[in-house]
Amino acid sequence: MSTASPALSFPQESAEYRKARKELLAAEIELRRHIEAVAAARRKLPLGGQLAQDYVFDEGPSDLSEQGEVRQTRLSELFDPGKDSLLVYSYMYGPAMATPCTSCTSILDGLNGTAPHVRDRVNFVVVAKSPIERIRTTARERGWRNLRLLSSAGNTYNLDYRGENKEGSQFPSLNVFVRRDGRIHHFYHTELLFAPCDPGQDGRHVDLIWPLWNLFDYTPDGRGEKWYPKLSYR
C-alpha cells in the first residue's frame, strides 16, 4: 500500500498544507527505515556477559487480592519453557522513597495492559527494590493485575544491572536476558539513559515502551517543557 498517493487529502486543506505534509511524510518514511535498521542492529548484538549470579527475588501470589506467603524466585526460574528471552523493567521505587517514581508508574500503567500480549512471546517481569508487599500495595492501588512483580530488596540485581547506584538512587532501566545452551546471558540494556543527550531530551531511553510521549509528539504543542506524569489527576 502506498501512503504517498498524490490523491490523498482531507477536507478543506490548502495546497500549502498538502505540500508541507508530503515533505513531512518523506521524513517519516526515512525515520521508519532508521528505526527498523537500529532494531535490526540491536538483534544482531553478540551475547553479553553470563549472568553474574542466579538472583533470588521475593514474589507474592499472582492474584494481587491474595495475602499468601512470600516465595523466593530465582532469575533462572523466570524463563518459561520455549521462551528464551526475558525482559526486566527496573521500577524506581526504593525503600527510602516515600512514593514511587511518577514516570515509571506511568510506564507501568501502560505495560499492565500490554503484558499479556508480551508474555505470549517472551518473559516479562518488573523489579523494584522495595519490600514485596509495599510493591504489591502500589499495584493494587493502580489496578496492575497483569504485571509480574518482584522485589530485589535481598539481592544486588539493581546495582549490578544499573537499576541503582552505590548510593541507593534508583534508575529506570530495561534489561534483556537470553538463555542459550542452558546458560543465561545479558543481552541488552537501555544505556541511552547514561549517554550524553541534547538539551531537554532527558535520556528518552525507554520511549519506545512508553506511548504517552509519542501521543504528545503528534500534537502541535508536543511534549511541553515542564509537564510530567502524576500519580493522580484528582
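The values are calculated or read from the model by the stated rules, or taken from the named source; none is laboratory data. Computed from a prediction, not measured in an experiment: that's the story for all the values here. Every residue, glycine as well, gets a Cβ built from its backbone with ideal geometry; the counts of neighbours run over all protein chains shown.
Name the single residue, out of those in the stretch 154-178 being surrounded by fewer than 18 Cβ atoms within 10 Å (Cβ to Cβ) and closer than 24 Å to Arg71 by Cβ, that is farthest from the chain's Cα centre (by Cα).
Looking at residues that are surrounded by fewer than 18 Cβ atoms within 10 Å (Cβ to Cβ) and closer than 24 Å to Arg71 by Cβ, I get Gly154.
So Lys83 fits all but one of (1) exposed (fewer than 15 other Cβ atoms within 10 Å of the Cβ); (2) of a type in the set (D, E, K, R); (3) under 26 Å from His189 (Cβ atoms); (4) assigned by TED's automatic domain parsing to the domain that holds Glu141; what number is the exception?
(1)
Yes/no matrix, rows are residues, columns are (1) more than 15 Å from Cys101 (Cβ to Cβ); (2) modelled with pLDDT of 95 or more; (3) touching a helix residue (DSSP H, G or I) at 6+ places or on another chain (Cβ under 7 Å):
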residue: Val118; (1), (2), (3): yes, yes, no
residue: Arg121; (1), (2), (3): yes, yes, no
residue: Ala128; (1), (2), (3): no, yes, yes
residue: Thr137; (1), (2), (3): yes, yes, no
residue: Arg140; (1), (2), (3): yes, yes, no
residue: Ala153; (1), (2), (3): yes, yes, no
residue: Tyr161; (1), (2), (3): yes, yes, no
residue: Gly168; (1), (2), (3): no, no, no
residue: Val178; (1), (2), (3): yes, yes, no
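Step by step: first the residues of the stretch 212-222, then only those that are free of Cβ contacts under 8 Å to residues at least 12 places away in the same chain and within 23 Å of Arg142 (Cβ to Cβ), then the one that is surrounded by the fewest Cβ atoms within 10 Å (Cβ to Cβ). Which residue is that? Spell out the reasoning first.
Looking only at the stretch 212-222, we keep the residues that are free of Cβ contacts under 8 Å to residues at least 12 places away in the same chain, and these are 213-222.
Going one step further and asking which of them are within 23 Å of Arg142 (Cβ to Cβ), we end up with 213-216.
On the way: Trp213: 15, Asn214: 11, Leu215: 9, Phe216: 13.
That would be Leu215.
For Ala37, all conditions in the list (1) over 25 Å from Asp160 (Cα atoms); (2) touching a helix residue (DSSP H, G or I) at 6+ places or on another chain (Cβ under 7 Å); (3) of a type in the set (A, V, I, L, M) hold save one; what is the number of the exception?
Every listed condition holds for Ala37 apart from (2).
Is there a residue being of a type in the set (D, E, K, R) and modelled with pLDDT of 90 or more anywhere in the stretch 187-196?
Yes, the stretch 187-196 contains at least one residue that is of a type in the set (D, E, K, R) and modelled with pLDDT of 90 or more.
From the list Thr105, Thr73, Thr99, pick out the single residue that is hydroxyl-bearing (Ser, Thr, Tyr), at negative phi, in contact (Cβ under 8 Å) with a residue 40 or more places away in the chain and loosely packed, with under 12 Cβ neighbours inside 10 Å. Give the derivation first.
Numbers: Thr105 fails: loosely packed, with under 12 Cβ neighbours inside 10 Å; Thr73 fails: loosely packed, with under 12 Cβ neighbours inside 10 Å.
Sole residue among the options that is hydroxyl-bearing (Ser, Thr, Tyr), at negative phi, in contact (Cβ under 8 Å) with a residue 40 or more places away in the chain and loosely packed, with under 12 Cβ neighbours inside 10 Å: Thr99.
Search the stretch 179-195 for residues being farther than 16 Å from Asn155 by Cβ and crowded, with 16+ Cβ neighbours inside 10 Å, and hand back the single one that is nearest to the chain's Cα centre (by Cα).
Going residue by residue through the stretch 179-195, those that are farther than 16 Å from Asn155 by Cβ are 179-183, 185, 187-195.
Right, trim to crowded, with 16+ Cβ neighbours inside 10 Å and you get 179, 185, 187-190, 193.
Values: Arg179: 20, His185: 19, Phe187: 15, Tyr188: 12, His189: 11, Thr190: 9, Leu193: 12 Å.
Among residues in the stretch 179-195 that are farther than 16 Å from Asn155 by Cβ and crowded, with 16+ Cβ neighbours inside 10 Å, the one nearest to the chain's Cα centre (by Cα) is Thr190.
Do the conditions hold for Met92, that is, is it among the aliphatic types (A, V, I, L, M), more than 20 Å from Asp63 (Cβ to Cβ), at pLDDT 95 or above and surrounded by fewer than 20 Cβ atoms within 10 Å (Cβ to Cβ)?
no
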